[in-house]
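Let me begin by presenting the structure, written as structure tokens, before commenting on it.
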Amino acid sequence: AFAAVLIWVFAALAVFLPYLSIEAVREQGSTWILWLQDQGEGLQTLSRGLSMLGDDIAYIAVLPMLLFMWPDFGTQAFVLFFGNLFFNSVLKTLLHAPRPSWTSTAGFVCGDEYGNPSGHAQSAFAVYFFIAQQIASQKTSRGVQIFAWCAAVLLAAAVAASRCVVGAHFPHQVLGGSLVGIAIFVTFVVASNNAMLSAALQTRVSSLRAGAILASQVSFVGALLAVLAWGITAATFDFPEAWAERAALSCGEDEKIDEFGGLRYALLAVGLLASMALGQGAGFLSSAAEAMGHSLWRRVLSGLLGVLAAAVLYVGLGEVVSKQWNIALVLILRYYARGLLVGTGVIVLVPMACLKIPCMLSSHKALGSSPPAGETA
């Protein structure tokens, strides 16, 4: 717990200290970024690739596979990532800082929300460190543990650094995001190892009704905090049209660059977290994992079905609800409801389908069994 507090102190200093002389910090950061962008196409291409590893869509594609391959670990990774996404989006909205590509540098990727702290850096350090910690906690050799941690540090640092090269973030935004990500990782591990908290969570998802109640509470509190953060910023800050015009140069024609960017992603995260509460209460994921036993091919196949379901629902719902609609409808349908439906499809509907397919079960007795109480993070 002390380590978590200490890291949060350093993270807060990294995020807020630059505001003592923010214009000078941004000017120096722009100089470094422009120098990096002048180093040739090779570095630009590599940075684009590394940056894609931190995209939300990449995690949405990978997490369903983790949920079916290793349900307990996958559930924790799911909660960690989307909880982290929510926190990052709310903090970005409150700080309402520009990205370098909105003001002074080229932009090789689209940035459609405020820039401080870096969400890619924050997610990379939180999630990759969590994966390394999980590997190290198993009965693996010392060499494997060292390799896991070295790989996590190097990959997270590479993703973070790439965000400067592509013009998505100033260096101080990347540093702040990296330290916040480490702080969230440490806090999450401490909370996960707390027996009282684990028992409380188990009770909150002990049935479908309990899971639905928790999902409603997550939705209400999450949406309230996200809207409150947006309201505070809207009341004290006018989004510069010049930022939107310059940002549009790096984005597609259908992208909306405005003050609602952080609110959009916060509500998407809320919807997905609510779906996890609902899914854990339903218990189909743990039931399907038990029915499939230790069969690797069954778990891989079910994971691929989960990825397919996530892709179809995410892309399909995105096509149905246009970003050009009234902003209230966009926020509710394209982001919150989309997250809720994608998560429910993966965590509830796919396991239900697997339980009805005989070849997916190691024991046909599972076909008629009812799902047990949901497992928690």
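The values are calculated or read from the model by the stated rules, or taken from the named source; none is laboratory data. Keep in mind it's a predicted model, so treat the numbers as computed, not measured. So basically every Cβ, Gly included, is an ideal-geometry build from the backbone, and we count neighbours across all protein chains shown. When the accessible area is computed, the model is the full protein with side chains, heavy atoms only, and any ligands, DNA or RNA have been set aside. Shrake-Rupley method; radii C 1.70, N 1.55, O 1.52, S 1.80 Å.
If a residue must be in a helix (DSSP H, G or I), farther than 9 Å from Ser162 by Cβ, open to solvent by 80 Å² or more (accessible area, probe 1.4 Å) and not aromatic (Phe, Trp, Tyr), how many such residues does the stretch 35-51 contain?
Within the stretch 35-51, residues that are in a helix (DSSP H, G or I), farther than 9 Å from Ser162 by Cβ, open to solvent by 80 Å² or more (accessible area, probe 1.4 Å) and not aromatic (Phe, Trp, Tyr) number 2.
Show me the helices (runs of 4 or more DSSP H) entirely contained within the stretch 90-204 in which 2 or more residues are under 30 Å from Ser216 (Cβ atoms) and in contact (Cβ under 8 Å) with a residue 24 or more places away in the chain.
119-137, 171-192, 195-204
Taking the stretch 1-16, which residues are under 26 Å from Thr105 (Cα atoms) and open to solvent by 90 Å² or more (accessible area, probe 1.4 Å)?
Hit for the stretch 1-16 is Phe16, nothing else.
Going by what's in this entry, would Leu6 be described as assigned to a helix (DSSP H, G or I) and within 24 Å of Glu255 (Cα to Cα)?
no
Lys356 passes all but one of (1) without any contact (Cβ under 8 Å) to a residue 60 or more places away in the chain; (2) among the basic types (Lys, Arg); (3) open to solvent by less than 60 Å² (accessible area, probe 1.4 Å); which number fails?
For Lys356, the failing item is (3).
Please work out which one of (1) more than 22 Å from Ala77 (Cβ to Cβ); (2) more than 19 Å from the chain's Cα centre (by Cα) is the condition Ala282 fails and give its number.
Looking at each condition in turn, Ala282 falls short on (1).
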